Amino acid sequence: MKKKLLICVQKDITNAVSWALKDLTSITVQFLEHLHQLEKIFENDLTFSALIIDSLLDGQSTLPFLKKVREKYKIKILLIISNDTSKQEVVSLIQNQLVDNVIIRPFNANQIVEAVSKLCGIERPSETPWYMYTKKQ
């Protein structure tokens, strides 16, 4: 059975995240752009295995929302740290176990695939994806 993944990130990284996850066939993904959409999903549908969320959506911090989610639901959370998020907030999130993993911008496809694989408890594709053969600049 496929794992369901909920992704709510800023529009500028939606394509990068989608592209990174294209080879993970054991997950299904639902993308959202706004925090209010995410709140409605949590009110109605709790069948998701994991959540990837940006630390900043619609110009505001998502950290208060993450605290509420962690209090009510048992869902794995991967937080993508925006440049506007302070180091103290990130340390606090990790120490208080409000998130299961963090990725700091800028990131690469391999970091996303690795984090999602661990979060959902799935194996990575056995063959090396084509983007791993590209030359480092």
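Values in this text are rule-based calculations from the coordinates and carry no lab data. On a predicted model such as this, the values are computed, not experimentally measured, just so you know. Neighbour counts run over all protein chains shown; Cβ positions are idealised from the backbone, glycine included.
Using Cα centres only, tell me the gap between region 92-117 and region 1-26 in whole Å.
14
What is the sum of charges, Lys and Arg at +1 and Asp and Glu at -1, for the other residues whose Cβ falls under 13 Å from the Cβ of ILE103?
-1
For the chain, give the share of DSSP beta bridges that are antiparallel, in percent and rounded to the nearest 5; count only bridges with both residues there. Walk me through the numbers before you get to the answer.
On the way: 2 of 21 bridges.
Of all bridge pairs located within the chain, approximately 10 percent are antiparallel.
Long-range amide H contacts for VAL102: which residues qualify at under 5 Å (H placed 1.01 Å from N, peptide plane, sequence gap of 5 or more or a different chain)?
Sorted by chain and number, the residues that satisfy this are LEU79.
Please report the equivalent ellipsoid semi-axes of region 3-133, computed as sqrt(5 x eigenvalue) of the Cα gyration tensor, largest first, in whole Å.
Working: eigenvalues 102, 57, 40 Å².
Whole-Å semi-axes of the equivalent ellipsoid: 23, 17, 14.
Among ALA16, ALA115, ALA50, whose mean-square fluctuation peaks in a Gaussian network model of the chain (Cα, cutoff 10 Å)?
Highest fluctuation among the options: ALA16.
Which net charge results when you count Lys and Arg as +1 and Asp and Glu as -1 among the other residues whose beta-carbon is under 12 Å from that of PHE48?
Values: positive: LYS2, LYS3, LYS4, LYS74, LYS76; negative: ASP45.
Taking every other residue near PHE48 into account, the sum is +4.
So what J values fall out for region 49-65 if you push phi through Karplus, 6.51 cos²θ - 1.76 cosθ + 1.60 with θ = phi - 60°, rounded to Hz, Gly and Pro as x?
Taking θ as phi minus 60°, the curve returns 7, 8, 10, 10, 9, 7, 6, 9, 9, 6, x, 10, 5, 8, 4, x, 5 Hz for region 49-65.
Can you tell me the relative contact order of the chain? Whole percent, Cα pairs under 8 Å, sequence separation 6 or more.
Numbers: 179 pairs, mean separation 35.0, N = 137.
That works out to 26 percent.
Taking the beta-carbon count within 10 Å as an exposure proxy, list CYS8, CYS120 from fewest neighbours to most. Before the final figure, lay out the partial values.
Values: CYS8 23, CYS120 18.
Ascending number of Cβ neighbours within 10 Å: CYS120, CYS8.
Let me have the 222 nm mean residue ellipticity of the chain computed from DSSP H runs of 4+ only, each contributing -39500 (n - 2.57), with the sum over all residues rounded to the nearest 500.
Details: 5 runs with 51 residues, N = 137.
Value at 222 nm, helices only, nearest 500: -11000 deg cm²/dmol.
Choose one answer from ASP45, ASP84, ASP58: the residue with the largest mean-square fluctuation in a GNM of the chain with alpha-carbon springs under 10 Å.
Result: ASP45 has the largest fluctuation of those listed.
Among SER55, SER92, SER82, which one moves the most in a GNM of the chain with springs linking Cα atoms closer than 10 Å?
Highest fluctuation among the options: SER92.
Restricting attention to region 33-126, which trypsin sites (Lys or Arg not before Pro) occupy a DSSP loop and are surrounded by at most 16 other Cβ atoms within 10 Å? Walk me through the numbers on the way to the answer.
Values: sites: LYS40, LYS67, LYS68, ARG70, LYS72, LYS74, LYS76, LYS87, LYS118; in loops: LYS74.
For trypsin sites (Lys or Arg not before Pro) across region 33-126 that sit outside H, G, I, E and B with at most 16 neighbouring Cβ atoms in 10 Å, the list reads LYS74.
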